[in-house]
1. Search the stretch 157-193 for residues being surrounded by 18 or more Cβ atoms within 10 Å (Cβ to Cβ) and more than 21 Å from the chain's Cα centre (by Cα), and hand back the single one that is nearest to residue 44 (Cα to Cα).
2. In the stretch 44-61, which residues are out of contact with any strand residue (DSSP E or B) (no Cβ under 9 Å at 6 or more places or on another chain) and in contact (Cβ under 8 Å) with a residue 12 or more places away in the chain?
3. Of all the helices (runs of 4 or more DSSP H) wholly in the stretch 55-130, which have at least 1 residues that are more than 23 Å from residue 24 (Cα to Cα)?
4. Residue check: is residue 139 at pLDDT below 90 and touching a helix residue (DSSP H, G or I) at 6+ places or on another chain (Cβ under 6 Å)?
5. Within the bounds of the stretch 135-147, is there any residue that is more than 27 Å from the chain's Cα centre (by Cα) and not in a strand (DSSP E or B)?
6. If you go through the stretch 127-145, how many residues are surrounded by fewer than 15 Cβ atoms within 10 Å (Cβ to Cβ) and touching a strand residue (DSSP E or B) at 6+ places or on another chain (Cβ under 7 Å)?
7. Filter the stretch 146-178 down to residues that are closer than 25 Å to residue 132 by Cβ and in contact with a helix residue (DSSP H, G or I) (Cβ under 8 Å, 6 or more places away or on another chain), then give me how many there are.
């Protein structure tokens, strides 16, 4: 999964969490090979991430049915649009979900998704702040510090280790693959952020 795709996935997840609350399990996206940042973020937020079993397409039936409806309804509405952009497509899908999908009767659940959601028990948790969400969806890596100049290499970019930490042979870093402007040096024992690089 490319950097932009991972960024969009995390952005969408964060928006969903901020809008609907923090779930206990990630039932929305059952996938086999999620990006490392997604898996790390869900773990950090205490959201159970369930992956599909290999060669078990029946586990994705809910998602496949949902995408079939998007293709059949939303794409048909946009068929004559000559200037179709990703932003316009996202707006159209969002409008369709909020105004039609959530209010349409579903025979499998015996009502509308919105009424079913509101009638059920509220087990969601308070969503953390935007900064906390951004901090959660990052991965940890370990690098060997170059003794000659006190730097480490990460995704083809060199970062200088502050003088106070030059004694460390191996350093633990936390970052998101799409944003090297925020790379933190992490204490390997306490998991505390020591400083930004």
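The values are calculated or read from the model by the stated rules, or taken from the named source; none is laboratory data. Just so it is clear, the model here is predicted, and its values are computed rather than measured. When we count neighbours, we look across all protein chains shown, and the Cβ atoms used for this are built from the backbone with ideal geometry, even at glycine.
1. Among residues in the stretch 157-193 that are surrounded by 18 or more Cβ atoms within 10 Å (Cβ to Cβ) and more than 21 Å from the chain's Cα centre (by Cα), the one nearest to residue 44 (Cα to Cα) is 186.
2. Quick first cut of the stretch 44-61, residues out of contact with any strand residue (DSSP E or B) (no Cβ under 9 Å at 6 or more places or on another chain) only: 44, 51-61.
If the condition is that a residue be out of contact with any strand residue (DSSP E or B) (no Cβ under 9 Å at 6 or more places or on another chain) and in contact (Cβ under 8 Å) with a residue 12 or more places away in the chain, then 44, 51, 52, 54, 59, 60 are the ones that fit.
3. Values: elements: 61-69, 86-99, 113-119.
Here the list reads 61-69, 86-99.
4. Judged against the criteria, residue 139 is not a match.
5. Residues of the stretch 135-147 that are more than 27 Å from the chain's Cα centre (by Cα), as a first pass: 144-147.
Still in the list and also not in a strand (DSSP E or B): 145, 147.
Within the stretch 135-147, one or more residues are more than 27 Å from the chain's Cα centre (by Cα) and not in a strand (DSSP E or B).
6. Here is the first cut: in the stretch 127-145, the residues surrounded by fewer than 15 Cβ atoms within 10 Å (Cβ to Cβ) are 129-132, 140, 142, 144.
Subset that is touching a strand residue (DSSP E or B) at 6+ places or on another chain (Cβ under 7 Å): 140, 142, 144.
Count: 3.
7. 4
Let's see how each residue does on (1) at pLDDT below 90; (2) outside the structural domain of residue 77 (by TED's automatic domain parsing); (3) out of contact with any strand residue (DSSP E or B) (no Cβ under 8 Å at 6 or more places or on another chain):
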residue: 104; (1), (2), (3): no, no, yes
residue: 109; (1), (2), (3): yes, no, yes
residue: 123; (1), (2), (3): yes, no, yes
residue: 149; (1), (2), (3): no, yes, no
residue: 157; (1), (2), (3): no, yes, no
residue: 168; (1), (2), (3): no, yes, yes
residue: 173; (1), (2), (3): no, yes, no
residue: 179; (1), (2), (3): yes, yes, yes
residue: 184; (1), (2), (3): no, yes, no
